[in-house]
1. Any chance you could check the Cα centroid distance between segment 67-122 and segment 1-17 for me, in angstrom?
2. Provide the solvent-accessible area of residue 5, counting protein heavy atoms only and rolling a 1.4 Å probe, rounded to the nearest 10 Å².
3. For segment 65-77, take each phi angle, set θ = phi - 60°, evaluate the Karplus expression 6.51 cos²θ - 1.76 cosθ + 1.60, and give the result in whole Hz per residue in order, putting x for glycine and proline.
4. Which three extents, in angstrom, do the Cα atoms of segment 1-40 have along their principal axes, listed largest first?
5. Which shape class applies to segment 26-92: rounded if a/c is under 1.5, otherwise prolate when a/b exceeds b/c and oblate if not, where a ≥ b ≥ c are the square roots of the Cα gyration tensor eigenvalues?
6. When the Debye formula is applied to the Cα atoms of the chain, each taken as the same point scatterer, what base-10 log of I(q)/I(0) results at q = 0.13, 0.17, 0.18, 0.20 Å⁻¹?
7. Compute the Cα gyration tensor for segment 22-64, then decide on rounded, prolate or oblate, letting a ≥ b ≥ c be the square roots of its eigenvalues: rounded whenever a/c is under 1.5, prolate when a/b is larger than b/c in the other cases, and oblate in all that remain.
8. Given the peptides 76-84, 60-68, arrange them by the average over their residues of other C-beta atoms within 10 Å, most packed first.
Amino acid sequence: QVQLVESGGGLVPAGDSLRLSCAASGRTFSSYAMAWFRQAPGKEREFVAVNWSGGNTYYAGSVKGRFTISRDNAKNTVYLQMNNLKPEDTGVYYCAAKSGGFSNARQTYPNWGPGTQVTVSS
């Protein structure tokens, strides 16, 4: 089991940037695939980005080119840099972790943080 805590959310105008952080417990952080999901009001939780072994990354089409996922294994932390934010990026952003490699499927992630709110005003 790994415990996750997100931070860095807030209220920003469209076009601005935010950087989310997710601090993880555990001694095997570097072996985990770390992902970000988000959930808008009234919608299902959706995949945003994932970072797995060797620094591999994969993004949802809606954020590709605007968001960057990265990790610092020495700090047990994964980041989500969000640029050129749009009102449709509004939602609660969740950090998730799983052992092994790539997945963009919500149900494959057993470990979740409580989430951080991101609100983008038009």
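The values are calculated or read from the model by the stated rules, or taken from the named source; none is laboratory data. What you are looking at is a predicted structure, and each value in this text was computed from that prediction instead of being measured. Methodologically, a virtual Cβ is constructed for each residue, glycine included, from the backbone with ideal geometry; neighbour enumeration extends over all protein chains shown. All accessible areas refer to the heavy atoms of the entire protein, side chains included, with ligands and DNA or RNA removed. Shrake-Rupley method; radii C 1.70, N 1.55, O 1.52, S 1.80 Å.
1. Rounded to whole Å, the Cα centres lie 8 Å apart.
2. 90 Å²
3. x, 10, 10, 9, 9, 8, 9, 10, 5, 5, 9, 6, 9
4. Rounded to whole Å, the extents work out to 38, 16, 14 Å.
5. In terms of gyration-tensor shape, prolate.
6. Reported log10 I(q)/I(0), two decimals: -0.44, -0.76, -0.86, -1.06.
7. Judged from the Cα gyration tensor, segment 22-64 comes out oblate (a/c at least 1.5, b/c at or above a/b).
8. Taking the mean over residues of other Cβ atoms within 10 Å, the ranking is 76-84, 60-68.
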